[in-house]
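Here's the structure we're looking at; comments come further down.
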Amino acid sequence: MDTDSRQGEFRRFALDKVVPFAEIHDRSQKLSDRIIPDLAQNGYFAPFLPHRWGGASMDMVTYGALHEELGRACSSVRTLLTVHDMVAHTILRWGSSGLKERWLPLLARGEVLGALGVSEPNVGSDITAVEMTAVADGDAFVLDGQKKWISFGQLADLYLVLCTYSGLPVTFLVERDRAGLSVEPIEGMFGTRGSMLGLVTFKQCRVPKDNMIGRPGFGATVAQTALGLGRYSVACGAVGIAQASLDACYAYASGVTRFGALLKDHQLIQQMISDTITDTVAARLLCRHAGALRESGDFQDIMHTFIAKYHASTAAMRAADRAVQIHGANGCSPSYPVERLMRDAKIMEVIEGSTQIQQITIASLGFQEFDRQRLLAGGDSFGQPSGGRPKHQLALDTVSE
């Protein structure tokens, strides 16, 4: 079955099982008890895992379509799968055979829920400045520190946490029931309010050495592996928000009359909807391209995932902003979904790397690719002749003469 056909399946699931609870999740600041069993029954937890670990071996493009439809229905539900899947993906990529055997089947069935612990109270998500420490003690490590803004920190059974050990970054899997681990709910957030954020505190928390993923000094790479998948999921979820905003505009503008005509017949409304259509289609194509590169193992998947996340998150914010504007005062009321969509869209510009971090990173990767292509071309100066003027300018001079 191709991606478009599967997307129809995902959409039907979202309409039936997720959409009815989206406002409830937002207002109650927690997920409905029905959501996790429904996701598990349909095999939507870490579906990219190979069959041997209980997964569906789902390709990355189809995976992106799943997260688009869940983001279209409820960003908090999509967030649950994002953080859970980051843990499963990291164990699959870097975990020992023992860790894979122990955790991947449970994660695939949704019997254990995973969460990522990178952000901290004093350093945010700057993985080069992590303050949480790990100290070796016999056959274990003792962890001390805090992780903040942890999506589904209140609900998770297993945390993947980034620490420092003797000045080196290192990651551990930490079970929820370990002595010294405590969770404090964080409530009153602006958007994705059903994501059950937590402040996770580790106080003399002992974990076995076997719970280490990778080796000391390799922790940043492990964390980036998790964040790479998360960034792709967020990008696809942002496309979902943009599409949901567009859907709301179609419905509202087709049924409301102002100044003697339906809103959809006013040219400025048409312009706003046209811009939203274009933004949404472009974001979806960028996500599919990034997914195809991730699936093929192309090294450029990193840059194109950043591009997809940057464009999709900003497109979602523009789409939601226009949707609220088209709805007028109704758009500022919780009686209409665009109010929630706008709050959720703003979160997409912050998580998994802010818009500004995306811009800096994309530019840096662009220069790296420029240098790589120049080397492949044998040192060609790419438009800068020895005389100092660009080649295209020389050509223009010739024409003008």
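The values are calculated or read from the model by the stated rules, or taken from the named source; none is laboratory data. In this text the structure is predicted, and so the values were computed from the model without any measurement. Cβ atoms come from the backbone with ideal geometry, glycine included; neighbour counts cover every protein chain shown. Surface areas here come from the heavy atoms of the whole protein model, side chains and all, with no ligands, DNA or RNA. Shrake-Rupley method; radii C 1.70, N 1.55, O 1.52, S 1.80 Å.
Some notes on this structure:
- Multiplying the residue separation of residue 51 and residue 332 by 0.36 nm and removing their Cα-Cα distance gives an extension gain of 96.6 nm.
- Measure of compaction for the range 325-372 (Cα Rg per 2.2 N^0.38 Å): 1.80
- Viscosity 1.002 mPa s, temperature 20 °C, Stokes-Einstein D of the range 80-210 from Kirkwood C-alpha radius, µm²/s: 145
- Protection proxy ranking of 363-373, 271-281, by the mean of other Cβ atoms within 10 Å over each peptide's residues and highest first, is 271-281, 363-373.
- Mean shadow area of the range 219-289, taken as a quarter of the surface of its Cα convex hull (nm²): 5.6
- In this label model, residue 187 and residue 266 are separated by 3.9 nm, measuring between points 7 Å along each Cα→Cβ vector.
- Solvent accessible area, Å² - residue 87, 1.4 Å probe, full protein context: 0
- Nearest-10 value in Å² for the accessible area of residue 182, using the 1.4 Å probe: 60
- Along its first, second and third principal axes, ordered by size, the range 149-227 spans 37, 27, 19 Å in Cα coordinates.
- Cα convex hull of the range 96-161, projected area averaged across orientations, nm²: 5.5
- Inter-part distance, the range 357-381 to the range 255-323, computed on C-alpha centroids, equals 27 Å.
- 20 Å binning of all Cα-Cα separations within the chain, expressed as whole percents from 0 upward: 26, 52, 19, 3, 0
- The separation of the range 1-25 from the range 26-82, counted between C-alpha centres, amounts to 10 Å.
- Computed FRET value (nearest 0.05) for residue 179 with residue 129, which takes r as the C-beta separation and R₀ as 25 Å: 0.35
- Within the chain, the selection of entire DSSP H helices by a Cα span of 30 Å or greater along the long axis and an average Kyte-Doolittle value of at least -0.5 returns 219-255, 267-296, 301-327, 355-376.
- Annotation: extensible slack from residue 359 through residue 12 equals 121.4 nm (criterion: 0.36 nm per residue apart, minus Cα-Cα distance).
- Accessible surface, 1.4 Å probe, highest first, among residues 149, 53, 94: 149, 94, 53
- Remark: the range 26-160 is approximated by an ellipsoid whose semi-axes, taken from the C-alpha gyration tensor as √(5λ), come to 26, 20, 13 Å, largest first.
- Gain upon complete extension [residue 209, residue 277; 0.36 nm per residue less C-alpha separation]: 19.4 nm
- In the distance distribution for the range 270-353, Cα-Cα pairs more than 15 Å apart total 61 percent.
- Peptide ranges 290-298, 55-63 listed from the most packed, as the mean C-beta count within 10 angstrom indicates: 55-63, 290-298
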